[in-house]
Amino acid sequence: MAIDKIKPLDDFLTGARTYNPLKKTTDDEFVVHPIENYLACGIYAGAPLGNWQTIRDLFAAAGQVMPVGARVLGGNGKIYAVGAGGNGMADPVLGGAGWTDVSAGGSGATGTTPTTFSSDAPPDPAKVKVGDMWKTGGATAAPHPKNCVMVWDGSRWMLQAGSPSAVVAEAVSYSGTGWKAVNLTEYQNDIGGSTSGTEFSIGAPGVYDIVVQINPGSALTWAGAAQADWLGTALQLLINGTNVTEGYNVNFAGPIAASPFPAAHPLVISNIGNFFNAGDKLSVKLFHGAPGGSFSGAVNMRVVRRS
């Protein structure tokens with residue numbers, strides 16, 4: 001590149017005049033100070049001038065403010081540029097007016113270090129970059145989980161550490177036969193989902209484990225002392241209304257001499273390690289197969305986020 005193309009370095013090398021980084025013009029002075037040379041060339045080349053506090057103090061000592069376009073390295077390792085209406089004298093990490101985060105621009109090879117945020121509310125999306133961490137709090141609202149460590153992948157917060165879960169259940173008293181949709185009551189929800197009627201909605205995309213069971217101690221009862229029939233229960237896990245996992249538990253066959261007949265084994269079905277999108281809906285159905293009988297007990301569903 002011709003030397004006349006890299007103003008103001010040309011003037012500095014020839015000693016003709018001094019470039020004023022504030023005015024972006026050359027003055028008629030012949031004395032060139034090394035720090036002025038450094039700052040002027042850095043501003044012209046669009047390079048970070050150095051740590052913000054150091055650069056701020058240099059400009060303040062000269063009775064100047066940083067010009068628009070000047071770049072500095074913030075205390076969080078990110079690169080910031082002075083924007084229109086700013087003067088560079090407020091801490092960029094605090095999000096002061098006039099700063100623009102430029103660390104994620106270009107090829108993305110910025111050399112910046114990850115930042116760790118700790119708060120109930122999610123960090124400002126304009127201030128996060130790939131690899132940044134967020135420690136959620138005990139009051140973090142949906143769709144984000146509570147008391148976990150999250151990492152920003154460029155488009156969403158992924159679970160890094162913690163096992164947030166939700167437990168929804170119903171105390172069921174069900175007479176007759178056939179399938180019954182289970183109404184869900186929320187007993188625990190650290191996961192950021194939501195419960196409405198017979199559905200639990202996934203709050204944020206990720207990998208989840210789901211376990212549904214008939215609680216131990218649930219019983220099958222019937223009317224009459226000598227029914228000759230089978231007593232059976234079944235569970236279905238449905239995703240967006242489609243049955244994806246099913247389990248059966250046949251408790252008895254043949255003449256029945258007493259009631260109630262306790263469930264000999266709890267029935268458990270699971271769906272492990274599947275990816276769900278935000279808004280996917282989980283629901284459960286219970287089947288009772290004893291004519292004239294009833295099911296008395298509880299069904300619960302536990303949802304755990306893994307990533």
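The values are calculated or read from the model by the stated rules, or taken from the named source; none is laboratory data. Everything numeric here is computed off the predicted structure, so don't read it as measured data. As a convention, Cβ positions derive from the backbone with ideal geometry for all residues, glycine included, and neighbour counts pool all protein chains shown. Note: areas computed on protein heavy atoms with side chains; ligands, DNA, RNA excluded. Shrake-Rupley method; radii C 1.70, N 1.55, O 1.52, S 1.80 Å.
For THR221, the conditions (1) open to solvent by 30 Å² or more (accessible area, probe 1.4 Å); (2) out of contact with any Phe, Trp or Tyr (no Cβ under 6 Å at 6 or more places or on another chain); (3) modelled with pLDDT of 85 or more; (4) not small (Gly, Ala, Ser) are fulfilled apart from (3). When GLY197 is tested against the conditions (1) open to solvent by 50 Å² or more (accessible area, probe 1.4 Å); (2) more than 17 Å from the chain's Cα centre (by Cα), the lone failure is (1).
Take residues that are at pLDDT 65 or above and of a type outside the set (D, E, K, R) and tell me which of the helices (runs of 4 or more DSSP H) falling wholly in region 3-65 contain 3 or more. Here the list reads 34-45, 52-61.
Going through (1) at negative phi; (2) open to solvent by less than 70 Å² (accessible area, probe 1.4 Å); (3) of a type outside the set (Phe, Trp, Tyr); (4) at pLDDT 80 or above one by one, GLY293 falls short only on (4).
Being farther than 30 Å from ALA81 by Cβ, of a type in the set (Phe, Trp, Tyr) and open to solvent by 10 Å² or more (accessible area, probe 1.4 Å), is that true of even one residue in region 180-190?
So far as region 180-190 goes, yes, one or more of its residues are farther than 30 Å from ALA81 by Cβ, of a type in the set (Phe, Trp, Tyr) and open to solvent by 10 Å² or more (accessible area, probe 1.4 Å).
Filtered by the rule that a residue be crowded, with 17+ Cβ neighbours inside 10 Å and either part of a loop (DSSP other than H, G, I, E, B) or touching a residue at least 24 places away in the same chain (Cβ under 8 Å) (or both), region 69-88 gives ALA70, ARG71, VAL72, LEU73, GLY74, ASN76, LYS78, ILE79, TYR80, GLY86, ASN87, GLY88.
Scanning region 145-159 for residues that are hydrophobic (A, V, I, L, M, F, W, C), within 14 Å of LYS127 (Cα to Cα) and out of contact with any His (no Cβ under 7 Å at 6 or more places or on another chain) yields VAL151, TRP152. The residue that is least open to solvent (accessible area, probe 1.4 Å), counting only those in region 89-98 that are at pLDDT 80 or above and touching a helix residue (DSSP H, G or I) at 6+ places or on another chain (Cβ under 8 Å), is PRO92.
In the set ASN274, ASN240, only one residue is in contact with a Phe, Trp or Tyr (Cβ under 7 Å, 6 or more places away or on another chain), closer than 25 Å to GLU199 by Cβ, open to solvent by 20 Å² or more (accessible area, probe 1.4 Å) and modelled with pLDDT of 80 or more; that residue is ASN274.
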